[in-house]
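Here is the structure we will look at.
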Amino acid sequence: MEQRNTLWFVLGVLAVWRMTHLLHLEHGPWGVIARMRAAAERLGFGDLVHCFFCLSLWIALPVAWWFASSWPGRLIAWLALSAGAILIEVRGLRPPSWPQQD
């Protein structure tokens, strides 16, 4: 992968994580996102907005479609973008561990 494509892929992972995190946990300006999430729950999409892993797959789908031009490339990009967002959420947001003192 050339350097330019790598940069776009990293930016894509960050964008997928940001949108997924926004829709999954944040209230948004004036509580707009929280109201959208409540509406999704009323419409039966509560499991989707409460599961970061599931939501990241849906958010990554249009980004992967934009990134790749072939079906195999889109499938791989879709899973990789979602996995990158999940890694940021699970590993990147963990509070720093302090060294244990004896």
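Every read-out reported here was derived from the displayed coordinates using simple, explicitly stated rules and does not represent laboratory data. Everything quoted here is computed from the prediction, not taken from an experiment. No Cβ is skipped: glycine too gets one built from the backbone with ideal geometry, and neighbour counts run over all protein chains shown.
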_Those GluC sites (Glu not before Pro) in region 1-57 that DSSP places in a loop and that have at most 15 other beta carbons within 10 Å_ = Glu2, Glu26
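Given an 8 Å cut-off on Cα distances and at least 6 residues of separation, report the relative contact order of region 3-90 as a percent.
Computed over region 3-90, the figure is 34 percent.
Assigning unit charges at the beta carbon (Lys, Arg +1; Asp, Glu -1) and nothing else, what dipole magnitude in debye, to the nearest 20, does the chain show about its Cα centre?
On the way: 8 positive and 6 negative charges, 47 e Å.
That gives the chain a dipole magnitude of about 220 debye.
For Leu11 and Glu26 in one chain, what is 0.36 nm times their gap in residues minus the Cα-Cα distance, to one decimal in nm?
On the way: separation 15, 0.36 × 15 = 5.40 nm, distance 2.07 nm.
Additional length available on full extension: 3.3 nm.
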*Kyte-Doolittle cut-off -0.5, length cut-off 18 Å along the helix's own axis using Cα: show which whole DSSP H helices in the chain pass.*
3-25, 52-67, 71-87
